[in-house]
Amino acid sequence: MNLLPSAERQARLRLARTDGVGPVAFRQLMARHGSAAAVLSAERRDWAETGAAEAEMAAAEAVGARHVFLGEAEYPPLLAELADPPPLLLMAGDAALAARPVVAMVGARNASAAGRALAFELALALGEAGWVVASGLARGIDAEAHRGALTTGTIGCVAGGVDIAYPPENAPLQERIAVGGLIISELPPGTEPQARHFPRRNRLIAGVARGLIVIEAAAGSGSLITARLAAEAGREVMAVPGHPKDPRSAGGNNLIRQGAVLVETAADVLAALSPFALMDQPAREPVRPRRAAAVRAAAVAESPVDAPQGGLLELLSVSGVAMDEVVRASGLPAADVQAALADLEIEGQVVRLAGGRVARLA
């Protein structure tokens, strides 16, 4: 493993944790002095204390994570290509996943059942094709993308410490990824996510991947910020089209109008990313294909929604969703789902469609 000398690693951590030193200032100081140790010696400033750096390294070790600095072998190669990459990362899990072909997937937290199912199935198919799936461990699309890729490789980019689950209900999922996949953060262990941290998380998602898929993103959502960052980094931006009357489709539809690749199946994603596949290290041995429904059934217990009526209404779309998908995504007994939907139908909020489908009225 290519590691910097321990003294330089500690100096870089102190430099990066000093107030007012972001990626740009860090790069400028390193270019001026050649090493973090030289920066700390030459520049008179209130640098982060040595004791604080030592404590952070110990905290990382205690939660099964490690610091990875720009220039070290485990640093994600695509992230290193950004104009101002993060000087350091906290990683928990298999860092080799970031060196394989990676595709990111983001979307609505209040995703419909159909959107969740598509995210899961796309992730499953892309994983079986040799791609690692990255996302942000949020509710909805992110969580389903991770679940679909659990057996083939997934990367969770988080806005807090690698040991802090947000939202809390994704704690079991985050723990599984930390063991069999990879969790990446820029922040010290124990850091609670704050609003100002999420742009950094979004940049990690965009930076580690060759391409980004957007599923169900409302206008002005964080998913569109991630898409912009991906485009600025020269990544392939893709989007799944949606019903024009569903607000969750506005952002993705607009991306397509602006030139994003329209995605309906994994084949569309693989075609868009095929020019890049050979640029990355070869994928691991292909896994035996597994039925999406069977894998999804094992994941249902980890993906409950807020019950019953409000959560179910959130899962529906104006174009209609199959009843069995609503039951799966809700994690509720089928009888409870039927009863709640009957109440919503009486209230005039949903309508039954042919073929066992149910739709949310616009």
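The values are calculated or read from the model by the stated rules, or taken from the named source; none is laboratory data. Predicted model only: the values in this text are computed from it and were never measured. Positions of Cβ are backbone-derived with ideal geometry, glycine not excepted, and every protein chain shown enters the neighbour counts. Ligands, DNA and RNA are stripped out before the accessible areas are found, and what is left, the full protein with its side chains, is counted by its heavy atoms. Shrake-Rupley method; radii C 1.70, N 1.55, O 1.52, S 1.80 Å.
Brief remarks on what is shown
- Candidates Pro193, Pro199 - the one that is in a loop (DSSP other than H, G, I, E, B) and closer than 30 Å to Val21 by Cα: Pro193
- Residues in region 342-358 that are open to solvent by 50 Å² or more (accessible area, probe 1.4 Å) and either modelled with pLDDT under 75 or over 35 Å from the mean Cα position of the chain (by Cα) (or both): Asp343, Glu345, Ile346, Glu347, Ala354, Gly355.
- Qualifying residue in region 5-26 (condition: out of contact with any helix residue (DSSP H, G or I) (no Cβ under 8 Å at 6 or more places or on another chain), within 20 Å of Ala73 (Cβ to Cβ), in a loop (DSSP other than H, G, I, E, B) and open to solvent by 70 Å² or more (accessible area, probe 1.4 Å)): yes
- Applying the condition of being open to solvent by less than 70 Å² (accessible area, probe 1.4 Å) and of a type in the set (Gly, Ala, Ser) to region 323-339 and asking which residue is nearest to the chain's Cα centre (by Cα) yields Ala329.
- Test: residue in region 50-59 that is assigned to a loop (DSSP other than H, G, I, E, B) and at pLDDT 95 or above: no
- Of the numbered criteria (1) within 30 Å of Leu212 (Cα to Cα); (2) in a loop (DSSP other than H, G, I, E, B); (3) open to solvent by 30 Å² or more (accessible area, probe 1.4 Å), the one Arg44 fails is (1).
- Members of region 60-95 that are in a loop (DSSP other than H, G, I, E, B), under 20 Å from the mean Cα position of the chain (by Cα) and without any contact (Cβ under 8 Å) to a residue 40 or more places away in the chain: Tyr75
- Filtered residues of region 102-111 (kept if open to solvent by less than 10 Å² (accessible area, probe 1.4 Å) and farther than 16 Å from Asn202 by Cα): Ala111
- In region 239-283, residue modelled with the highest pLDDT [restricted to those that are in contact with a Lys or Arg (Cβ under 7 Å, 6 or more places away or on another chain) and either aliphatic (A, V, I, L, M) or loosely packed, with under 15 Cβ neighbours inside 10 Å (or both)]: Leu273
- Residue in region 169-184 that is open to solvent by less than 30 Å² (accessible area, probe 1.4 Å), in contact (Cβ under 8 Å) with a residue 60 or more places away in the chain, part of a helix (DSSP H, G or I) and out of contact with any Lys or Arg (no Cβ under 9 Å at 6 or more places or on another chain) present: yes
- Among residues of region 220-247 that are within 23 Å of Arg360 (Cβ to Cβ), those with a beta-carbon under 6 Å from a residue that is open to solvent by less than 20 Å² (accessible area, probe 1.4 Å) and in a loop (DSSP other than H, G, I, E, B) at least six positions away or on a different chain give the pairs Ser223/Ala217; Leu224/Ala217; Ala239/Ala260; Val240/Val263; Asp246/Ser317.
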